[in-house]
């Protein structure tokens, strides 16, 4: 451990994502001992002094800050990890880039395409290392899907479909805004399920199936008013509760996407399926260790969807963990992203998805929202 | 048996649907002995004399015809069952109605909305009994879904999604047109998957979730030219290979529909899911005896999707068959529709879906095709 | 139809099995038109005159009898189908054989091994065609399993496990004996789940994996007394409610079997799994169209259990029914057995399982019951 | 962190289990911040100096030892964690107890019942805190099963069945003995699958369903000779490759157990099912976040097995991790056991299973092996 190079982390935000990222930093060296870099939990920053101190105590950060500008100005910090609400991503990232810090930014990159473009410009100008936490790329089963697709086994692609279904906002009594509920506040979040859920589907889709050419979308806000936690008043809900779209991919395949927080019975069901000429693949987050695979080349009498339990040492990332048959979970995706980021420091290669790559997802999200608003197709 | 009233059937067409309907007629009295009507296989009609005679011999039709106009003119026929290709539905139905025959018409009702309107007008003018074979309504699990939804258990509906996925036309070597492949010929079929597959999804959706208000669709023809079986030449493929749309239902819920014959790995996967405020339901044709049901009212620690094996005597139609746990299959849906049609003769009630009801599905199909062509939303 | 040879059926018993067999006879010519024999429903026999007449009327039997000896004496009957309770199998079969009738006997062959031996002797002496209705061999997925195993794909076999789980006798208020409940009466049934359920598991096991060498078993009767329907009194329950055993097969593999009517949540869950050196197979009756198959020869990164939807034309029996993806059900197994019996009349080959083959299952059942009673291993 | 009481760990063995336990120690304070104790990785011990040093470097142990007696003698160690092969458990545990150390012992407790009794005696005499790592009790879904059963929802229990199926020793080329393969060596392991796999099934069974009264078992060694890694020679294989048994539980229910390393297609499939009068539960390790639950009290038309995704905050341990729908994995069971052990230091309650409780499992294992050897029932 001691002869590894330190990567001194400054984390901004100590909510749910602050926990997942921190856990990633803390575990990576145990499971990826060959890496020459190791993260050090230098500082965590959040406006609420008590809360940030408690977080630092629990997780072992060496120091705390309550002003992110101070954090960025510190010269004992190598990398800024942005886990603050979406409305702060752009300002922080641009400042951090200007200060020459590496940046690991929680998804979605920004609230709007305009913000995202400014961020990418800032990163590129500064030439700093960067990545965006579209963590689901690094579920071993999803990485395996990428590997299978890239091998050409699927042949020409005809269809891609994905959805992200939740049900946690069905109650009209749930307020909007404030600490745990900023995702329901248009100002903080920028959008509803589009940026929160659909952005994951889009990121994976582009990664697996290439760019999207045009989209036709619809959005809906089922509950029109909710009490706002910060004002204590009933206020109009301006986020989208559900967002659906179909599209053409550049490779000629058709896409179908749906996200909602009103699908009773689904806690966090992110699924995708891709159908090629020769083979098909599907996956869902609720059973994340499994990949379903259909290969038309199998003998016809014994042809069927295979349920692959992706826990073997020759499958992505799994030689780092346990033995065949023993599952890993959600949090491991962040460990993998940290590992790949550290590796990218060694190799000089980018750590996907970079800000530049995440911008593609942002463009699709923007087009989706505009398409829904105008009830018309939008080109990307 | 002998004191039942005969319903003398004249079947037009002896392809795949001719078999399923005939089996329905032959089985119904064994399993629904309480009915006062019984079907009699009076005549079957098809242009090819040898083929129709062989069909009659195999299935036990008393006579054959090669001209459907002759069949309709016979006074020993009570009901005309139309299993001919889609391009013949309108002409036959209008003539049969004029001749005062009851009509059982295979779906889709017609190739176009215009044809369908003429058919409905003819039926209404003649006042003859009629039904359209949207058979999937009568899978016991689907009928049970209807019963649960009508009981109000789901509460306000937010989402409905359905797809019908097949993979049998992926090979570019498959020809179009002619006997077994008329579904790939625009002139015979009127459309591709829209009328063949999506129409099923739409019929069920309207039945379960009410009318559709507007649609935004896309279609695709992946393979542009195929050899035509009748001409022996490569000809342009004009049907849609895939059709997707999203929509608003009149009840405010959002719909998402997809059908294709290019989804490798799916033979005939018709699925639907409906998400309500309090409960959700899903079903798929590949495992048609099962209904998935999620009830948010269950105790939270033991809440989950239930897999209901719909084979008990208190579930729809199942008191007619075997004992709990023992499955029925695809063909039983036709037996059920025959039983319900015979029952409707006793009660004087209509047998859903009637031509009038099937017209609603036709309107949506028409709007879907127009929306795809114009790349714009269409009201129903 | 008219130039087929008639096989004139005399059915004894008109309960649940009377219905399934009759349906088999009535449907076979529709779906297996190439057969040169066709069943004719000549007579049905049962002690209750009204009941048997109603059955005949519903299903179309030409005549009725109330004395099975009279039926057997009729010279217009070619084959006797025994659907009476188990305690009548031996007497009827022996008499029918003596009368030179073909015999189709519902399983289990007999109540005891002694009875079964007498039956086999009688059959062999008479030289009459015979078969026993172990219908699950003819689920297409199960027949496919046989085909795969016989191809050698599994290699050396290590394990075979099967169970048949039901839950319909859990209530202590359920009476025993009499018409619908003779299976709970030791005199009528001979045993409880051993002959009723486990016999199916054993028949399939021997067919797929060869003979059983020795067994160690246990049985249990959970509810000790039940009201008897015929006497109206509480009487001791003497059947086995549950029966479990492990065994060696002759091929060196280990077997594990379980049957019960006290497995809450299972209506009629018959499952088996066979593990070989190179591949494994599993199946369950609740989803009878599916066969699960694991092939270790698949590329390691995409290796997994395949869920085969056994509905394609190149899979056993399925070219007779519908199109890929469309399910058949429980009743079809009887149609298949009738078809194979008729075919065996053409070819002169036996129709498995014959009485001789069913005797093997009877031997295992006997050993199982003796092993449980003596708490010791028993050789077959 | 700093005001917590240290629990100074001395780990013996740095193989697979060394990793899982260490990870448990390292993560517990992050996720269970309320605990007043915190583990400190004081020392790790293994005979191979280089290997143990590498392990210490990777995982952050403060020091290393190569002689476990030296480790036990150190007064800066509070607790000894035994991850050495089974043949060392007894000697180490007895010495550690004598030295007054707390003991956390990997399962199975010992190779034989005699060894286990000596260990329990030593522990009790010394009065030291102890626990055995039957980690599967602490899969949240399994803990939830315990909670449901204890609530009485299942009513009288009729059946319990469990199996643990693997396929990693099918190749005859796999050697036995030595570092990674000591589980195949009778001297090191004491038994084959009985102690390795079946012991897990038995521990869970006793915990959920109470004590076992008597057993009838069989074992098999499929491959009779394997090259021994330490001698380089072909040697007789003396472990059991497969072990099956049935049994009576003290509560009158019947048990059925199976374990093997020759079930092609199963990596580490540990499943159990329990059937009660009113409800049933089943679980499998390959999809460890799910619990299947059937409640007969559900309305009959919507009754079915529920698939519960055990990831909600009101389900066992899950308020410590992420949000509903997001899975945890295998390794978390060890974190939970560490947490419960630390909690037991606060409360003074034992941390189940204690040595005394694990002795019950050992008794069953011993009876199973004796029953198989003698081909007779054995009382526990």
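If you take the residues of segment B:94-119 that are in contact with a strand residue (DSSP E or B) (Cβ under 7 Å, 6 or more places away or on another chain) and assigned to a helix (DSSP H, G or I), which of them is surrounded by the fewest Cβ atoms within 10 Å (Cβ to Cβ)? Don't jump to the end; show me each part of the working.
To start, the set of residues in segment B:94-119 that are in contact with a strand residue (DSSP E or B) (Cβ under 7 Å, 6 or more places away or on another chain) comprises B:96-97, B:101-107, B:109.
In the following step, the residues that additionally are assigned to a helix (DSSP H, G or I) were identified as B:96-97.
Values: B:96: 31, B:97: 25.
By that ranking, first place goes to B:97.
On inspection, residue D:265 qualifies as modelled with pLDDT of 95 or more and at positive phi. Residues of segment D:268-326 being touching a residue at least 40 places away in the same chain (Cβ under 8 Å), within 14 Å of chain A (Cβ to nearest Cβ) and either surrounded by fewer than 21 Cβ atoms within 10 Å (Cβ to Cβ) or assigned to a strand (DSSP E or B) (or both), which ones? D:269, D:270, D:271, D:283, D:290, D:291, D:308, D:320, D:321 - these are the residues of segment D:268-326 that are touching a residue at least 40 places away in the same chain (Cβ under 8 Å), within 14 Å of chain A (Cβ to nearest Cβ) and either surrounded by fewer than 21 Cβ atoms within 10 Å (Cβ to Cβ) or assigned to a strand (DSSP E or B) (or both).
Considering segment D:332-352, the residues that are surrounded by fewer than 23 Cβ atoms within 10 Å (Cβ to Cβ) and touching a helix residue (DSSP H, G or I) at 6+ places or on another chain (Cβ under 6 Å) include one that is nearest to residue D:309 (Cα to Cα), namely D:334. Restrict the check to segment C:361-377 and report whether at least one residue is at the interface with another protein chain (Cβ under 9 Å from one of its Cβ atoms), touching a residue at least 12 places away in the same chain (Cβ under 8 Å), on the phi < 0 side of the Ramachandran plot and in contact with a helix residue (DSSP H, G or I) (Cβ under 7 Å, 6 or more places away or on another chain). Yes; the residues of segment C:361-377 include at least one that is at the interface with another protein chain (Cβ under 9 Å from one of its Cβ atoms), touching a residue at least 12 places away in the same chain (Cβ under 8 Å), on the phi < 0 side of the Ramachandran plot and in contact with a helix residue (DSSP H, G or I) (Cβ under 7 Å, 6 or more places away or on another chain). Of everything listed in (1) buried (at least 19 other Cβ atoms within 10 Å of the Cβ); (2) touching a residue at least 60 places away in the same chain (Cβ under 8 Å), the single unmet condition for residue D:251 is (1). For segment A:39-46, check the following and say yes or no: at least one residue is touching a residue at least 60 places away in the same chain (Cβ under 8 Å) and under 24 Å from the mean Cα position of the chain (by Cα). Checking segment A:39-46: at least one residue is touching a residue at least 60 places away in the same chain (Cβ under 8 Å) and under 24 Å from the mean Cα position of the chain (by Cα).
Take the conditions within 13 Å of another protein chain (Cβ to nearest Cβ), assigned to a helix (DSSP H, G or I), touching a strand residue (DSSP E or B) at 6+ places or on another chain (Cβ under 8 Å) and within 28 Å of residue A:113 (Cβ to Cβ) and apply them to residue A:136. Does it pass? Answer is yes for this residue. Here is the figure for segment D:208-219: residues that are surrounded by fewer than 22 Cβ atoms within 10 Å (Cβ to Cβ) and within 11 Å of another protein chain (Cβ to nearest Cβ) total 1. Out of C:45, C:14, report the one residue that is closer than 30 Å to residue C:179 by Cα, within 14 Å of another protein chain (Cβ to nearest Cβ) and crowded, with 18+ Cβ neighbours inside 10 Å. Of C:45, C:14, the one residue that is closer than 30 Å to residue C:179 by Cα, within 14 Å of another protein chain (Cβ to nearest Cβ) and crowded, with 18+ Cβ neighbours inside 10 Å is C:14. Evaluate the following for residue C:52: is it under 30 Å from residue B:3 (Cβ atoms), in a strand (DSSP E or B) and either within 22 Å of the chain's Cα centre (by Cα) or at pLDDT 95 or above (or both)? Considered against the rule, which asks whether it is under 30 Å from residue B:3 (Cβ atoms), in a strand (DSSP E or B) and either within 22 Å of the chain's Cα centre (by Cα) or at pLDDT 95 or above (or both), residue C:52 comes out as no. Considering each residue of segment B:55-62 in turn, none proves to be assigned by TED's automatic domain parsing to the domain that holds residue B:22, surrounded by 18 or more Cβ atoms within 10 Å (Cβ to Cβ), touching a residue at least 12 places away in the same chain (Cβ under 8 Å) and assigned to a strand (DSSP E or B). Is it the case that residue B:28 is assigned to a helix (DSSP H, G or I), farther than 29 Å from residue B:182 by Cα and more than 10 Å from chain C (Cβ to nearest Cβ)? It is true that residue B:28 is assigned to a helix (DSSP H, G or I), farther than 29 Å from residue B:182 by Cα and more than 10 Å from chain C (Cβ to nearest Cβ). Only residues that are farther than 18 Å from residue D:191 by Cα and within 14 Å of chain C (Cβ to nearest Cβ) were counted across segment D:220-237, and they come to 0. Do we find that residue C:262 is touching a strand residue (DSSP E or B) at 6+ places or on another chain (Cβ under 7 Å) and part of a strand (DSSP E or B) in this structure? Here the answer is no, as residue C:262 does not meet what is asked.
Please go through segment D:327-360 and pick out each residue that is without any contact (Cβ under 8 Å) to a residue 12 or more places away in the chain and under 30 Å from residue B:298 (Cβ atoms). If the condition is that a residue be without any contact (Cβ under 8 Å) to a residue 12 or more places away in the chain and under 30 Å from residue B:298 (Cβ atoms), then no residue fits.
For segment D:63-80, the set of residues classified as closer than 26 Å to residue D:345 by Cβ and either assigned by TED's automatic domain parsing to the domain that holds residue D:317 or surrounded by fewer than 18 Cβ atoms within 10 Å (Cβ to Cβ) (or both) consists of D:63, D:69, D:70, D:73, D:74, D:75, D:76, listed by residue number. The residues on offer are B:358, B:367, and the sole one that is more than 26 Å from residue B:80 (Cα to Cα) and touching a strand residue (DSSP E or B) at 6+ places or on another chain (Cβ under 8 Å) is B:367. Scanning segment C:238-267 for residues that are over 18 Å from residue D:219 (Cα atoms), more than 7 Å from every other protein chain (Cβ to nearest Cβ) and more than 18 Å from the chain's Cα centre (by Cα) turns up C:238, C:239, C:240, C:241, C:266.
A quick yes/no check of all residues on (1) farther than 21 Å from residue D:285 by Cα; (2) surrounded by fewer than 23 Cβ atoms within 10 Å (Cβ to Cβ):
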{"site": "D:121", "(1), (2)": "yes, yes"}
{"site": "D:135", "(1), (2)": "no, no"}
{"site": "D:142", "(1), (2)": "no, no"}
{"site": "D:146", "(1), (2)": "no, yes"}
{"site": "D:163", "(1), (2)": "no, no"}
{"site": "D:167", "(1), (2)": "no, no"}
{"site": "D:175", "(1), (2)": "yes, yes"}
{"site": "D:182", "(1), (2)": "yes, yes"}
{"site": "D:189", "(1), (2)": "yes, no"}
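Could you please give the count of residues in segment C:332-347 that are within 12 Å of residue C:21 (Cβ to Cβ) and either facing chain B (nearest Cβ under 7 Å) or more than 21 Å from the chain's Cα centre (by Cα) (or both)? Result for segment C:332-347: 0.
Of the residues in segment D:306-329, not one is modelled with pLDDT of 95 or more and farther than 30 Å from residue A:268 by Cβ.
The values are calculated or read from the model by the stated rules, or taken from the named source; none is laboratory data. Small disclaimer: the values here were computed from a predicted structure and weren't measured. Using ideal geometry, Cβ is built from the backbone for each residue, glycine included, and neighbour counts are taken over all protein chains shown.
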